[in-house]
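The values are calculated or read from the model by the stated rules, or taken from the named source; none is laboratory data. Remember, predicted model here, so these are calculated numbers, not experimental data. Note: ideal-geometry Cβ built from the backbone for every residue, glycine included; neighbour counts use all protein chains shown.
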Amino acid sequence: MNLRRLKYFVKIVDVGSLTLASEILHVAQPALSQQLATLEGEFNQKLLLRTQKGVVATEAGKVLYRHAQMILRQFDQARADVLNAGRSLAGQVSVGLAPGTAASTLALKLLQTVQGRHPQIVLHINENFGTTLCDVVRSGLMDMAVLYGGESPVQGLSFDPLLTEDLCVVAPAEMVSKPGDLALRDLRDVDLLLPCTNNQLRRYVDQAFAAAHVVPRVVAEMESASTLAAAIASGVGATILPFSVARSVAATSSVNVCRLVSPTIEVPLAMCVSDHLPLSEPAQVVKGILLELVGALDLQGGLHRTLLNHARVQVVDHE
């Protein structure tokens, strides 16, 4: 087995067609078919099935596809690290920031800082659900992610705790008369706009309501921050968010932000990386910058507890 053969196989699966893969790779289709047959012979497994619409991976092919992606990505990292040894850092680094988290408010600052310090690093920022981000980090398709959760072990992943935040209610003035503390039971008859049920933040909220024996009145589920802010401003309902995000939503309209008490709901923010795939040098530097920015978050009112030791956060600077 060689890297070229794996590259061909990945491209065939990606485009779902031997003919199209042949054109993209500039390899004659008979030669491409021969490479595929050799690969299937090496594994003694059928890797692709031909259909009227093209080709699809078999179960064995899907397994090889995942591993091939990781192998090719690691090789690209190794080649870039060797070529750039002693030079300015260069390469691609992917970072996942779960929407609705404190870290998601740092996307622009992260991009500006990386570009300012290491202009040859190409940063890819992905905002997606925490479960999806975990999957792509574990498979090696993304270098790191910042998301809520991480208390329970997950095979293939390592979590570093960053900080914890208290959850707040963001509501139109007619629903919540003034800022301050608000007991969870006071939300019993309030129309709520919450993330979907597979969202990690929603899970913390549902657990708190269940523990308080309160059934929330969820009138809509949404993930878009802009749509959420507009819905709250128009009086459709209230929402529950970490303070850092609640503050940014409240800044766009006239609403009240109240800290939830009785019980207080705390959510942990964590850095997620693969526990078996090493980070490239550029990725290590970007991770350091991200930790630096998270450690410097200004969450007013004592609504967060930073778990990082700011004095120990060091960013390696290669010139």
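Here are some notes:
- Which numbered condition residue 201 misses (of (1) in contact with a Pro (Cβ under 7 Å, 6 or more places away or on another chain); (2) surrounded by fewer than 16 Cβ atoms within 10 Å (Cβ to Cβ)): (2)
- Qualifying residue in segment 172-188 (condition: touching a helix residue (DSSP H, G or I) at 6+ places or on another chain (Cβ under 8 Å) and under 19 Å from residue 98 (Cα atoms)): no
- Note on segment 9-25: among residues that are polar (S, T, N, Q) and assigned to a helix (DSSP H, G or I), the one that is nearest to residue 54 (Cα to Cα) is 19.
- A search for C-beta distances below 7 Å between a residue of segment 72-83 that is more than 17 Å from residue 285 (Cα to Cα) and any residue that is assigned to a helix (DSSP H, G or I) and at pLDDT 80 or above, counting only pairs 6+ apart in sequence or on different chains, returns 72/3; 72/6; 72/7; 72/10; 75/3.
- Residues that are touching a Phe, Trp or Tyr at 6+ places or on another chain (Cβ under 8 Å) and within 28 Å of residue 143 (Cβ to Cβ) were ranked within segment 17-38; the one that is surrounded by the most Cβ atoms within 10 Å (Cβ to Cβ) is 21.
- Screening residue 165 against (1) of a type outside the set (S, T, N, Q); (2) part of a strand (DSSP E or B); (3) at pLDDT below 85; (4) closer than 23 Å to residue 68 by Cα leaves a single unmet condition, (4).
- Residue in segment 65-76 that is among the aromatic types (Phe, Trp, Tyr) and surrounded by 15 or more Cβ atoms within 10 Å (Cβ to Cβ) present: yes
- When residue 55 is tested against (1) among the hydrophobic types (A, V, I, L, M, F, W, C); (2) modelled with pLDDT of 90 or more; (3) more than 30 Å from residue 294 (Cα to Cα); (4) part of a helix (DSSP H, G or I), exactly one condition is not met: (4).
- The number of residues in segment 116-175 that are free of Cβ contacts under 8 Å to residues at least 60 places away in the same chain, hydrophobic (A, V, I, L, M, F, W, C) and in contact with a strand residue (DSSP E or B) (Cβ under 6 Å, 6 or more places away or on another chain) comes to 3.
- Condition broken by residue 292, with the remaining ones in (1) touching a His at 6+ places or on another chain (Cβ under 9 Å); (2) at pLDDT 85 or above; (3) part of a loop (DSSP other than H, G, I, E, B) satisfied: (3)
- Residue 103 meets all of the listed conditions (1) at pLDDT below 90; (2) not assigned by TED's automatic domain parsing to the domain that holds residue 138 but one, namely (2).
Residue-wise test of (1) under 16 Å from residue 261 (Cβ atoms); (2) surrounded by 14 or more Cβ atoms within 10 Å (Cβ to Cβ).
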| residue | (1), (2) |
| --- | --- |
| 116 | no, no |
| 151 | no, no |
| 181 | yes, no |
| 206 | no, yes |
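- Candidates 236, 315 - the one that is assigned to a loop (DSSP other than H, G, I, E, B), among the aliphatic types (A, V, I, L, M) and modelled with pLDDT under 80: 315
- Which listed residue is touching a helix residue (DSSP H, G or I) at 6+ places or on another chain (Cβ under 7 Å) and on the phi > 0 side of the Ramachandran plot, from 262, 244: 262
- Flag for residue 132 being part of a helix (DSSP H, G or I), within 19 Å of residue 255 (Cα to Cα) and among the β-branched types (Val, Ile, Thr): no
- Single residue of segment 205-226 satisfying the filter (within 20 Å of residue 176 (Cβ to Cβ) and in a helix (DSSP H, G or I)) that is modelled with the lowest pLDDT: 225
- Annotation note: of 97, 6, the sole residue that is modelled with pLDDT of 85 or more, more than 30 Å from residue 193 (Cβ to Cβ) and surrounded by 12 or more Cβ atoms within 10 Å (Cβ to Cβ) is 6.
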